[in-house]
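Peer 1: Just dropping this structure here.
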């Protein structure tokens, strides 16, 4: 039973990871500074709920007001395009992203 | 100690002590709160410094990019950080819980806590709670000790002050008592001589006019004699040798009523004596006589002319009722105060009821005075 559960867990993690790779690394290259973006969101929105909500809101309809990046950066590279993912998938991807990069879990 | 002196001492002591205690309490409570505020202020300042230190360290830590971050820990205090929705991010102590925090600063179980907001949210931290062992405010025990000493000193000084205040009153009463004592002593011989001589005068050798004059002299002498007896009783401070014997109150009443008949006749007052049965009561004869004499002489003194004084004796009580000017409720309340006279037009020293009270108390009787102004007074002794 334990072996079965462990196997199932590993499978689901690897599937989640591959989903994240597929949906996110399509646009962002491997050297994208995910942790810097998480740091900026954390500095501005504090709690998990608010961070995830702000990310979802921005990815669904990106705007200058909602962006946490410096104005100079946006002027140089432009605003991100609207995410093609459906709401459910987008929320799942945000959850995975938060799990992987949140600062709270890195504190010891 | 004179009558009423104890009461005065209690009043003055009570007033002095209560006002002093009120003052001491006010000063001490104010001082305690002042010290507590000062203490809290100091604690708060220290906690603010710790918060600033932690904020600096969190900021520095946030600048670094790393896979793992070691939360800043300090020997002097413990800390915890919470996100904007008050979810715990990290805590160095198990005791800290934001749910228990009601004020920004508070103390609990010898710890001081300070809750401070934080921006920007390093590691998501919107609130920092600092916990530190607080110094104890030990002044309360000392204050209670000092308060007790102050109360003792106040008590001693107040007793001294009361004695100082009462000294002139005591001296005056002593002077008055001495004066009465001397006067009484000087009165003894002439009164005895007058009464003895009146009794020995052969009334058959006097004409009617002379007889009337003699009668008046006799009544006046009896009045003086009564006052003399009262004074002697008071001056000896009720310490006359008591010889309690079984007295026949009916006989005694008859004797005393007869004794006072002459005096009553002057105002055309007559006695109605209702004492048919022999009533026996164990008491000192002189004291019982003083008691009855005072009640009868008071009744005569305050009766209207041409009225009756009703004297009723039964198994458990003796009542004397006059039809006279009576007393108000206030006057009845103060009736046992020595030297107090409500009607200055009447003779006497205001000692009658004081004597009555002392004898009534001695023989555990109950005295009941019912009086109505302009209608009369009824005094009932019951045993």
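Each value in this text was obtained by applying a stated rule to the coordinates, not by laboratory testing. Computed from a predicted structure; not experimentally measured. Please note: Cβ atoms are built from the backbone with ideal geometry, for glycine as well, and neighbour counts cover all protein chains shown.
Peer 1: For an R0 of 25 angstrom, estimate the FRET efficiency from the Cβ-Cβ distance between residue A:82 and residue B:86 and round to the nearest 0.05. Intermediate results must be reported in sequence, preceding the final value.
Peer 2: Values: r = 33 Å, r/R0 = 1.34.
Computed FRET efficiency for residue A:82 and residue B:86 comes out at 0.15.
Peer 1: Once label points are set 7 Å from the Cα along Cα→Cβ at both residue B:60 and residue B:209, what is their separation, rounded to one decimal in nm?
Peer 2: The modelled label-to-label distance comes out at 13.3 nm.
Peer 1: Suppose each label sits 7 Å from its Cα in the direction of the beta carbon; what would the residue A:28-residue A:105 distance come out to in nanometres?
Peer 2: 1.5
Peer 1: Measure nothing fancy, just the Cα-based angle from helix B:285-302's long axis to the longest principal axis of chain B, in degrees from 0 to 90, nearest 10.
Peer 2: Long axis of B:285-302 versus the principal axis of chain B: about 90 degrees.
Peer 1: So for the protein assembly as shown: antiparallel DSSP bridges make up what percent, rounded to the nearest 5?
Peer 2: Details: 42 of 48 bridges.
Counting DSSP beta bridges with both partners in the protein assembly as shown, the antiparallel share is about 90 percent.
Peer 1: For residue B:183 and residue B:255, what does the FRET efficiency come to when R0 = 35 Å and r is the distance between their Cβ atoms, rounded to the nearest 0.05? Working shown, then result.
Peer 2: Details: r = 28 Å, r/R0 = 0.80.
After rounding to 0.05, the efficiency reads 0.80.
Peer 1: Measure nothing fancy, just the Cα-based angle from helix B:139-200's long axis to the longest principal axis of chain B, in degrees from 0 to 90, nearest 10.
Peer 2: So the helix axis and the longest Cα principal axis differ by about 0 degrees.
Peer 1: A further question follows. Of the residues B:57, B:289, B:215, which exhibits the maximal mean-square fluctuation in a Gaussian network model of chain B defined by a 10 Å Cα contact cut-off?
Peer 2: B:57
Peer 1: Restricting to region B:212-339, what percent of DSSP beta bridges are antiparallel, rounded to 5? Please list the in-between numbers first.
Peer 2: Numbers: 10 of 15 bridges.
Bridges in region B:212-339 that DSSP calls antiparallel: roughly 65 percent.
Peer 1: Against the longest alpha carbon principal axis of chain B, how many degrees, from 0 to 90 and to the nearest 10, is the axis of helix B:249-266 turned?
Peer 2: 70
Peer 1: Ratio of Rg to Rh for region B:1-55, alpha carbon only, Kirkwood?
Peer 2: On the way: Rg = 23.4 Å, Rh = 15.0 Å.
With Rh from the inverse mean 1/r over Cα pairs, Rg/Rh is 1.56.
Peer 1: Same structure again: Considering every pair of different Cα atoms, what Kirkwood radius, in Å, is found for chain B? Could you put the intermediate results ahead of the total?
Peer 2: Values: mean 1/r = 0.0345 Å⁻¹.
Taking the inverse mean of 1/r over all distinct Cα pairs, chain B comes out at 29.0 Å.
Peer 1: Provide the packing ranking of A:69-79, B:180-190, i.e. peptides ordered by the mean count of other C-beta atoms within 10 Å per residue, highest first. Intermediate results must be reported in sequence, preceding the final value.
Peer 2: On the way: A:69-79: 10.5, B:180-190: 12.7.
Output ranking for A:69-79, B:180-190: B:180-190, A:69-79.
Peer 1: Tell me, what is the FRET efficiency for residue B:95 and residue A:60 to the nearest 0.05, using R0 = 41 angstrom and their Cβ-Cβ distance as r?
Peer 2: Details: r = 43 Å, r/R0 = 1.04.
After rounding to 0.05, the efficiency reads 0.45.
Peer 1: Using the basic label-point model (7 angstrom from Cα toward the beta carbon), what is the residue B:7 to residue B:266 distance in nanometres?
Peer 2: Between residue B:7 and residue B:266, the simple spin-label model gives 3.2 nm.
Peer 1: Starting from the exponent 0.38 and prefactor 2.2 Å, build the expected Rg for the protein assembly as shown from its residue count and divide its actual Cα Rg by it. Write down the numbers at each step before the final one.
Peer 2: Values: Rg = 51.6 Å, N = 491, 2.2 N^0.38 = 23.2 Å.
Normalised by 2.2 N^0.38 Å, the Cα Rg of the protein assembly as shown equals 2.23.
Peer 1: Further question on the same structure: Ignore the peptide's own chain and count Cβ atoms of other chains within 10 Å of each Cβ in B:312-318; give me the average, rounded. Can you show the working numbers first?
Peer 2: Values: counts 0, 0, 0, 0, 0, 0, 0.
Partner Cβ neighbours, averaged per residue: 0.
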